Each structure stands twice: as structure tokens, then as C-alpha cells.
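Since the structure comes first, as C-alpha cells, the remarks are kept for the end.
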Amino acid sequence: MNPHITTIHFDATTFSIDDRLVHLLQAKTHYNELSPNNINETFLNHTFFHGGDNSDTSQVQQTHLSKGLLHVLSQARQKAQPEVFYCKVETHHYNPLQTYIVDEYPMYPFMLTLGQQFERWCHEHALVSEQYYAHLAGMWMLQHCVESLAQILAMDRYCTVYPGSSKDVPLQVNRQLYMVFSKETRSSGITLNEQYMFWPLHTVAGIILPHTGKNTCQSCTLLHCQFRNILT
């Protein structure tokens, strides 16, 4: 029995600029280079890929963004057409992933894309710096959609497992998630290459795991999960 798949469309123009996006955009300005270490530090410090609570981050404490950056952000939100597919898996008997790498129930496999139009717009920029900012805006919108999905699922505490994010969940799991949503990916034009990467590039897949009660990580089978020390 295949799980019921739900499709949701988000309006990216309603996404408000928050502190996380500001810090990400300012990282290049502060360091005057595209340093992976600096960007990674910003991601971690501001829980860009986070599990935890749905605290309000909509109020920006200090916004020092140029008019050019604000224009890019405005365009990004207009070009993006966020679409998410998800299903609920309640027992291992109906686990469409065909794997027990993640064996926590209920689980919510999902796939999320910003669409073909956003991808084309990202590549229209002649300057590398503009492409970089467009990419960061896309990553921020993807995470915003994941948080919105968690709210729709009425989750106050949760973690999001992304293929390739830990030794327990290799990138190959992307193919299993791709097969779960095969009908939806065809209609949306999402493809998967031999390296298990999606096109459009601003497409992610993962599994949302709700956390209820205390010390839920103690019973979790993901030993190398990045949230194990955060949520316990």
C-alpha cells in the first residue's frame, strides 16, 4: 500500500527577510571572499539546517543590506515557485524508502523545489557575486519552506534528515525519495543524475522526524545525526 502524497505550493513573496538570511548575505561582505569555512560557520551558528523549535525569526534586528541586494532578494522571491510533496509513514510495513536506515515513526518523507523558473533566473546573472547571492536566497527559501511544512504538520520540535548529511544517511537515499515521488517529479520536471543530485539545483529531499517528550534521541537509530547533542 503506497502512502498518500500531498502537494503544497508556497507563495515566496510572503517570506519576510529574517536574521539568518541577513547573516548569510553579509558573510561575503565581512570577509571579502567566498570562503566555505566562513559560510559553514554562518550556517551552523544560525541553525540554517536545523531541527528544533519553530521559534519566530521573522524580526530582523539589524538590516544593513544594499539596495542592490534587496533588489536581488525581491526578484528571487518573485521568481521562486516553491512546491513540496510529502507523505506520512506510520509503520515499517508501509515504509516506501525500502530501507531501515531511518526507522523512526511516524516519519514524513518530502521533496521540495523552487522550480525551473527560479533556476533559469539564477543563471541569468552575469556576475558571480550575484549568482552567489541568488543561490543563498534560494537556500534560505528552501529552509523557510521546510519550517512552514513542519508548522503545517503541527510539529513544535523536530529534526530534518537530509541524504548525504551524515554517515547513516548516504546521498544514495535521494534515489529512494525520488522514486517515492516519481509521479510528482515528472510533472514538475525534477530529474536525478548519476551522482544522486537533483535538477533544478534548488531542490532538496529529506525526512522530517517529529520529537515528542524528553530524550527522544536516545531511542533514535541515527547514531551520527548532527542533532543528537542539540535535542537531548
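Read the figures in this text as sums done on the coordinates, not as results from a lab. Values in this document were obtained by computation on a predicted structure and should not be read as measured data. In this analysis, Cβ positions are derived from the backbone assuming ideal geometry, glycine residues included, and neighbour counts consider all displayed protein chains.
A compact table of results
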item	result
Label-point separation in nm, Gln195 to Thr13, each point 7 Å along Cα→Cβ	3.6
Order by protection proxy (mean Cβ within 10 Å, highest first), peptides 71-82, 190-201, 135-146	135-146, 71-82, 190-201
Shape of the stretch 122-168, Cα gyration tensor, a/c cut at 1.5	oblate
Contour excess over end-to-end distance, with Cα ends at Ser129 and Leu171 and 0.36 nm allotted per residue	12.3 nm
